[in-house]
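Structure first, then comments.
The values are calculated or read from the model by the stated rules, or taken from the named source; none is laboratory data. Please read these numbers as outputs of a predicted model, since none were measured by experiment. Please note: Cβ atoms are built from the backbone with ideal geometry, for glycine as well, and neighbour counts cover all protein chains shown.
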Amino acid sequence: MINLLPPQEKINLSWEIKKRTAIILWCLAVLFVVFIVLILLASRFYLDGLVECQEVSLRQVESRVKQSEFQDLQAEFGVFDEALLKLDVFYKNKSDFSEILEKVSAILPQDVYLTGISINPLTGPDSSGFLKVAISGFIPSRDELFEFKKKVESQPGIKNVFFPPANWIKPVDIDFSINFNIAK
């Protein structure tokens, strides 16, 4: 192809081509930057959504952990409350054995030697407030044993006194035993 244009027009045409090329390149560069910005914004929104989702999951897990820790604490408190309640019941129902021993020793005659004593809580429906006392020992004569029996039976707060018949067989040097209930 033959170019018949004057030189000034050739320069203008060349300049126009360069200008259009530059405009196209700048438009492509601007479009490239716009697409990059759009891609970055889209990825930011996507990542923000992921972060929010993870935060919600984390809050749910934390609340479950807190609930389980709270339930564990409640269970531990329940165990401690139960133990304290048992201790309270024990201390309310405990008997002062030293007072019982004082009462028993006040009843005993001078010449009696004890070989055993047992004090236990009485069980059953008619047992509230009483302890079962079992005493075994040695007494020199049947008369003293009889006096001891009368003294025990006459004491307030003592009931169901039982002397086995074997206590009354020997007239002297008697190994005796006695069972009775005494008020706490």
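What pairs come up if the first residue lies in the stretch 94-118 and is in contact (Cβ under 8 Å) with a residue 40 or more places away in the chain, the second is assigned to a loop (DSSP other than H, G, I, E, B), and their beta carbons are under 7 Å apart, counting only those six or more places apart or on different chains?
95/184; 107/155
Kindly indicate whether residue 150 is under 21 Å from residue 183 (Cβ atoms) and part of a helix (DSSP H, G or I).
So residue 150 passes the test.
Considering only residues of the stretch 103-142 that are in contact with a Pro (Cβ under 8 Å, 6 or more places away or on another chain) and among the hydroxyl-bearing types (Ser, Thr, Tyr), which is modelled with the lowest pLDDT?
127
Quick test for you: out of 108, 58, pick the one residue that is of a type in the set (A, V, I, L, M), farther than 22 Å from residue 163 by Cα and surrounded by 10 or more Cβ atoms within 10 Å (Cβ to Cβ).
Sole residue among the options that is of a type in the set (A, V, I, L, M), farther than 22 Å from residue 163 by Cα and surrounded by 10 or more Cβ atoms within 10 Å (Cβ to Cβ): 58.
Within the stretch 63-110, can you find the residues that are in a helix (DSSP H, G or I) and touching a strand residue (DSSP E or B) at 6+ places or on another chain (Cβ under 7 Å)?
97, 100, 103, 104
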